[in-house]
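The values are calculated or read from the model by the stated rules, or taken from the named source; none is laboratory data. For clarity, every value in this text was computed on a predicted model and none was experimentally measured. So basically every Cβ, Gly included, is an ideal-geometry build from the backbone, and we count neighbours across all protein chains shown.
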Amino acid sequence: MSRPILFGGRRGVLRRFLLQTPLMLALQAGAIFGLLVILLTVPIATEGAERASKQFDHNLMELASVIAATIDGDLHATLRLPEQQSGEVHARLQDVLVRFQNAVPAIYNLYTTRPENGRLMMVLDAARSPSLLRPTDPPSVLGEALDFDLANEPGTIPTLMAGHAYVDRGAYDSGGTRRAMRSVSAPIRASDGRVVAFLSMDYEESLYAEEFERRREHTLLVAAAVDAALVLGVVVLVYWLRRSIGRALDDLALESSTDALTRLGNRGSFDIRLGHAVASARERRAPLSLLLLDADRFKEVNDSWGHPVGDAVLTRIADCLRAELRPPRDIFRIGGEEFAVLLPGVVALDAIALYNRLNEAIRRPLVLPSARVELSMSGGIAELDPRGREDAEELLLRADAALYLAKDLGRDNATIAPQAGA
């Protein structure tokens with residue numbers, strides 16, 4: 001049931017789409033292609049954003065692991081008492097964290113913890129150092145010691161104890177401000193390879209997000225420019241193809257309806273045009289005359305000088321017809337040396353006057369390097385009675401009979417056929 005809708009009749013959807021003007025077809029094809037590009041680009045962009053986020057997590061874990069590797073795990077394990085916080089070992093280890101936090105502005109907090117008796121205890125906290133160039137407010141989110149139930153961290157601690165870094169995403173309160181953070185932890189190892197503590201880094205996602213947003217906007221601009229170029233390319237391509245195909249179809253239609261030698265209409269186009277002309281004349285109650293012309297003794301030209309000269313004669317006749325008739329759309333070569341002229345709005349007597357002018361022009365000698373040809377034309381004229389019932393075939397038969405009568409009367413003249421039914 002869908003085939004007639006898509007392809008049938010003038011109202012077929014596909015037919016109407018393809019037969020639009022080149023510009024409208026190109027614009028609609030561009031819109032469809034642009035929609036497809038957007039539908040394809042959105043999942044790719046979403047997947048790209050997710051991959052970028054995962055890559056960011058991976059980079060943060062590598063950074064935390066590098067910092068953790070610089071902490072002497074054996075010395076870190078010796079920090080057991082609160083009074084050691086002002087000692088040389090504590091200061092030396094904490095200075096390592098401070099240098100990293102000063103070097104990477106996006107690090108909001110950098111500290112170490114150690115699990116003890118089911119609690120996570122703070123050991124080092126860069127935020128408590130006076131050497132920190134970018135102190136947090138308050139100095140530390142965690143305070144002097146962070147102790148919370150390890151049972152509430154089912155994923156973090158096992159992952160760290162297994163020697164792997166861990167990323168947690170969240171938002172933390174700081175000075176009344178909610179900050180989007182990525183909390184990254186990495187294991188600190190002793191010289192024997194045991195995991196003895198954890199290094200934790202709170203990384204401000206907003207600083208990364210600003211850079212990511214800039215990159216995303218740049219990527220979107222580039223993608224939009226590429227998409228626009230592709231859509232424009234499709235519009236231009238479809239426009240060019242539609243124009244080219246249209247011209248090719250027009251050329252094909254012209255070739256199929258045109259006589260190759262004279263470039264006049266051929267017999268097929270004459271039959272179609274005659275039917276239309278008769279219908280139009282009857283509808284408008286307007287006169288219509290049909291003039292048939294035949295080159296006199298044309299066979300003698302071919303026999304005497306050959307077909308190339310004969311072709312030159314036929315071309316000369318066509319040129320004379322075109323010169324006398326404007327526009328030339330109603331001139332046809334319907335046989336070897338036979339021509340037809342449709343004359344809408346012209347009565348038979350006026351058609352005789354036109355024949356005389358045409359024959360006078362054709363009588364002028366055609367001088368060629370190998371021949372001098374003098375030729376005349378015989379004509380037959382039939383006038384349609386727009387109020388009668390005569391059809392195109394009957395009109396043609398009357399004009400043909402008048403042409404044969406002109407031949408029988410000695411050629412080089414034209415006769416008018418009697419009215420139909422007379």
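Of all positions in the range 252-268, at least one carries a residue that is farther than 30 Å from GLY379 by Cβ and either outside the structural domain of VAL373 (by TED's automatic domain parsing) or modelled with pLDDT under 90 (or both).
Restricting attention to the range 184-221, and to residues there that are of a type in the set (Ser, Thr, Tyr) and within 46 Å of the chain's Cα centre (by Cα), which single residue is modelled with the lowest pLDDT? Per the stated criteria, the residue is TYR208. Residues that are β-branched (Val, Ile, Thr) and in contact (Cβ under 8 Å) with a residue 60 or more places away in the chain were ranked within the range 307-335; the one that is surrounded by the most Cβ atoms within 10 Å (Cβ to Cβ) is ILE317.
Within the range 85-124, how many residues turn out to be small (Gly, Ala, Ser) and over 60 Å from the mean Cα position of the chain (by Cα)? Don't jump to the end; show me each part of the working.
We begin by selecting, within the range 85-124, every residue small (Gly, Ala, Ser); these are 86-87, 91, 103, 106, 118.
Right, trim to over 60 Å from the mean Cα position of the chain (by Cα) and you get 86-87, 91, 118.
Going through the range 85-124 one residue at a time, the tally reaches 4.
Selection within the range 386-406: residues that are under 53 Å from the mean Cα position of the chain (by Cα) and in contact (Cβ under 8 Å) with a residue 24 or more places away in the chain. The member of this set that is nearest to GLU338 (Cα to Cα) is LEU396. Of all residues in the range 54-73, one or more are among the basic types (Lys, Arg) and in a helix (DSSP H, G or I). Only a single item in (1) within 51 Å of the chain's Cα centre (by Cα); (2) in contact (Cβ under 8 Å) with a residue 60 or more places away in the chain is not met by SER304, and it is number (1).
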